[in-house]
Amino acid sequence: TEEKPWSGRFTAPTDAFVEAFTASIAFDKRLYAQDIRGSIAHARMLAQAGVLTPTEAEQIVAGLQQVRAEIEAGEMAFSAALEDIHMHVETRLTQLIGEVGKKLHTGRSRNDQVATDVRLYTREAIDEILAGIARLETALMDAAEREADTIMPGFTHLQVAQPVTFGHHLMAYVEMLHRDGMRLLDARKRVNVLPLGAAALAGTTFPIDRWYVAHELGFDFVAENSLDAVSDRDFAIETVAAIALMMVHLSRFAEELILWSSPSFGFIELSDSFCTGSSIMPQKKNPDVPELVRGKSARVIGALQTLLVLMKAQPLAYNKDNQEDKEPLFDALDTARGSLKVFAEMLPGMTVRREAMRAAALRGFATATDLADYLVRKGLPFRAAHEVVGKAVRLAVEQGCNLEDLSLEALRGFSPLIDADVYQVLTLEGSVEARGHIGGTAPAQVRQAIARARTRLADW
Ligand code: ARG
């Protein structure tokens, strides 16, 4: 086995299984770019502070750049013996530039190093996820614009409730996603704080300039407390919490896409390129993509649990437990990126069966509330109107027809306040048109909501 950078006080080599068990290289090698950027900033700062000579810093920076090139060319041999990405980079650096490479770790610990790397990685992933949210919001808004006049049944309890426009329904998800984005943007402020300088836990005896490093790496603040800086992973927890909630929203949308594409609904058809067939049932076209997104929300919810439980009993400061933060964090970030991308790409190819939506809205007395509101406008108290309409619905159920199929005479039998103008309020168009306030389902309001949402998205 290779010589460990920390082997000085040891007399026996690490047990082979322990080496494999404690290694994180398999999953933290994806931090190589952040690790090298952090080390370059640290080396430059050490030179500014007079801890390294300018020549030493230059050699280290050039060596780190070469290590990066080697990793990107696939030339780096990763091994559990070197435990993690930090030791791989430093060991290779020293192989490349000799003794001076051993000066890089001055005034630093892997504890503040790993916290810095993970924060840099998380910050970049948040920015990608925000771009993914913006793309999906845009795809939803484009579809909502096309479907601003399309009428579908709105549901409560999955029973037909009132007619809504499909555009309005789609815009509900834009609202959810936008709040998810704002939560991530807010979490990003607390992610973007520099731990480096905390060293192992207590700070360092060298005259470091933490703000120099913060500026080099684009951090907004430097962590105030060294113990906190190396030990807490709340920044990862709140990022994953925001992502878990976003995945819950995507999962709800997925569930609806699955229902709507079932022949029993027949509201939409997803394009062939986003579906798969069955190996036994020749007729099947399965909505695998939304099903998987719904399924993947479980992983992210699980990742949040893992991180919370990981943190809850750790004494200050750093503990090796924290090495377990990476897999759930990375998995949540990957899942979010992938789910947003696949949905944004799937939506433009979704076929909307407007006639099926309309036919479904016509079943189930979706305009019953409109009839009650009509009676209220004619002077009846709402509770009394509710009663009248309930009886009219019962008659229609008995006759197997819709409310608007009842004769004026029959309707007037329930209330003399009903006149011929009632048929206008019983239409689907009349019903949605009438909800013309901010937040309502009227097509004109939906168009305005889309316009506001586009402006809002442009300047977040
Ligand atoms: N691989 C470790 C982690 O992910 C890096 C920090 C290790 N520090 C230590 N003192 N063993 O947390």
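The values are calculated or read from the model by the stated rules, or taken from the named source; none is laboratory data. Fair warning: this is a prediction, and the values are worked out from it, not measured in the lab. Here the Cβ is made from the backbone with ideal geometry for all residues, glycine too, and neighbour counts use every protein chain on show.
Out of curiosity, is THR106 in contact with a Phe, Trp or Tyr (Cβ under 8 Å, 6 or more places away or on another chain) and among the hydroxyl-bearing types (Ser, Thr, Tyr)? Before the answer, list the steps.
Details: in contact with a Phe, Trp or Tyr (Cβ under 8 Å, 6 or more places away or on another chain): yes; among the hydroxyl-bearing types (Ser, Thr, Tyr): yes.
The answer is yes for THR106.
Annotation note: Cβ proximity below 7 Å between a residue of the range 1-20 that is closer than 20 Å to HIS86 by Cβ and a residue that is surrounded by fewer than 10 Cβ atoms within 10 Å (Cβ to Cβ) (sequence gap 6+ or interchain) occurs for no pair. When ALA81, ALA57 are checked against the criterion of being surrounded by fewer than 20 Cβ atoms within 10 Å (Cβ to Cβ) and assigned by TED's automatic domain parsing to the domain that holds TYR32, a single residue qualifies: ALA81. Could you look through the range 318-332, keep only residues that are of a type in the set (A, V, I, L, M, F, W, C) and within 16 Å of the ligand (Cβ to nearest atom), and pick out the one that is farthest from LEU270 (Cα to Cα)? Out of the qualifying residues, it is LEU329. When each of GLU404, GLU387 is tested for being free of Cβ contacts under 8 Å to residues at least 24 places away in the same chain and assigned to a helix (DSSP H, G or I), the lone residue that passes is GLU387. Against the test of being of a type outside the set (A, V, I, L, M), touching a residue at least 24 places away in the same chain (Cβ under 8 Å) and assigned by TED's automatic domain parsing to the domain that holds SER261, the options THR335, THR306 yield a single qualifying residue, THR335.
Which ones in the range 38-96 are among the acidic types (Asp, Glu) and within 16 Å of the ligand (Cβ to nearest atom)?
So the first thing to find is which residues in the range 38-96 are among the acidic types (Asp, Glu), and the list is 56, 58, 70, 72, 75, 83-84, 90.
Correct list: GLU83, ASP84, GLU90.
Is it the case that PRO315 is in contact (Cβ under 8 Å) with a residue 24 or more places away in the chain and within 16 Å of the ligand (Cβ to nearest atom)?
Numbers: in contact (Cβ under 8 Å) with a residue 24 or more places away in the chain: no; within 16 Å of the ligand (Cβ to nearest atom): yes.
No: the conditions fail for PRO315.
When the range 107-128 is filtered for residues that are farther than 17 Å from GLU216 by Cα, out of contact with any Leu (no Cβ under 6 Å at 6 or more places or on another chain) and away from the ligand (no atom under 16 Å from the Cβ), the ones remaining, listed by number, are ASP127, GLU128.
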